[in-house]
Amino acid sequence: MKDMLERLVNLQATDEKIVSFQREEAKIPEELGNKEKSIEAYDNQRAEVEAELDHFLEQVSELGKQLEEARESIRRFQARLLVVKTQREYQAVQREGESARKKREDFESELKEIQEEKNTVEESLKEMESSLAQENAALSEERKNSEKRLKSIRKERENLEKTREVEANLIEPDLLARYQKVFNRYKGQGVVKVVGGVCYGCFMTVPPQLYNQVLAQGVVHQCPNCGRIIYVDES
Ligand SMILES: [Zn+2]
């Protein structure tokens with residue numbers, strides 16, 4: 001029975017390694033997925049800024065047209081001034097010309113403001129695009145490394161699984177089944193030491209009578225509290 005327990009402890013050591021590889025295998029794509037999501041969120045922000053820029057560009061183009069019209073009408077009034085016949089007509093054309101000039105000034109200052117805003121947005125869009133490019137490059141690098149890492153972990157795990165099969169074959173089927181049940185329940189611990197009468201799985205004291213039986217190593221026992229298979233470590 002002592003041998004059997006030792007084999008079980010060996011099997012558990014292998015199982016623990018397998019579980020830790022499995023966890024890492026699951027974690028790698030998860031981490032990559034999180035990075036992808038965060039880049040995607042950033043790209044959505046970039047798209048919003050791009051839409052904002054489009055809006056400013058439209059405004060700039062619209063104001064540019066209005067400004068050109070204002071300039072055109074100033075030219076028309078100037079031309080008319082040359083051909084007016086009366087003083088009154090001259091004053092009327094001049095007044096209209098004045099108001100067209102006022103309009104032109106308003107459009108000019110509005111256009112200047114919009115252009116400044118447009119430049120600011122354009123600047124941040126450029127910055128976003130450049131950091132996105134960097135992040136995407138880093139992601140594809142990481143994807144490559146992750147794939148390599150995954151491949152090597154998978155290989156190591158598969159080797160361990162072969163070892164595990166050999167180790168499991170050395171254990172009585174009933175005991176193996178009992179171990180497996182507890183191992184699955186605790187996700188990685190089916191057999192634990194008892195030290196000074198305390199179960200190292202749940203840290204409860206094992207009843208003295210049971211402890212003596214465990215010490216005797218005649219049959220395999222399970223902790224009455226947590227159900228893990230218990231053994232005494234003599235080393
Ligand atoms: Zn226990």
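Computed from the alpha carbon atoms alone, the convex hull of the range 24-155 holds 79 Å³ per residue. Cβ-Cβ distance of R95 and E52, R₀ of 35 Å, FRET efficiency by 1/(1 + (r/R0)^6): the value works out to about 0.30.
Which Cα, out of C223, V60, S152, lies furthest along the positive dipole direction of the chain (beta carbon charges, K/R +1, D/E -1)? Checking the options against the dipole of the chain, the answer is C223.
In this Cβ point-charge picture (+1 for Lys and Arg, -1 for Asp and Glu), the chain has a dipole of about 440 debye about its Cα centre.
How high is the relative contact order of the chain? Use alpha-carbon pairs under 8 Å, at least six apart in sequence, and give a whole percent. Relative CO of the chain lands at 28 percent. Shown is the FRET efficiency for K181 and K155, computed with R0 = 45 Å from the Cβ-Cβ distance and rounded to the nearest 0.05: 0.95. Within the chain, antiparallel bridges make up roughly 55 percent of the DSSP beta bridges whose residues both belong there. Using a simple spin-label model with pseudo-atoms 7 Å out from Cα toward Cβ, R76 and E30 lie 7.2 nm apart. Straightening the chain between D3 and Q115 buys 32.0 nm, computed as 0.36 nm per residue apart minus the Cα-Cα spacing. Taking Cα centre as origin and charging only the Cβ of basic (Lys, Arg, +1) and acidic (Asp, Glu, -1) residues, the dipole magnitude of the range 151-235 rounds to 480 debye. Take the Cβ atoms of T86 and E62, set R0 to 41 Å, and the FRET efficiency comes out at 0.60.
Taking the charge dipole of the range 68-190 about its Cα centre, with +1 at Lys and Arg Cβ atoms and -1 at Asp and Glu Cβ atoms, the residue from Q134, S73, A100 reaching farthest to the positive side is Q134. For the residues S109, S124, S38, a GNM of the chain with alpha-carbon springs under 10 Å puts the largest fluctuation on S109.
Each of R228, R104 was scored by other Cβ atoms within 10 Å of its Cβ. Arranged with the fewest first, they read R104, R228. Taking every C-alpha pair closer than 8 Å and separated by at least 6 residues, the mean separation divided by the residue count of the range 167-218 gives a relative contact order of 16 percent. Pairs to check: K37/K118; K27/K155; K35/K155. Give those whose C-alpha atoms are more than 18 Å from each other in this structure. Listed pairs above 18 Å: K37/K118; K35/K155. Descending by average beta-carbon neighbour count within 10 Å, the peptides 189-198, 61-70 line up as 189-198, 61-70, the highest first. Based on C-alpha pairs under 8 angstrom that are at least 6 apart in sequence, the range 1-124 has a relative contact order of 32 percent.
FYI, it's all coordinate maths here, none of it is from the lab. In this text the structure is predicted, and so the values were computed from the model without any measurement. FYI the Cβ positions are ideal-geometry reconstructions off the backbone, even for glycines, and counts take in every protein chain you see.
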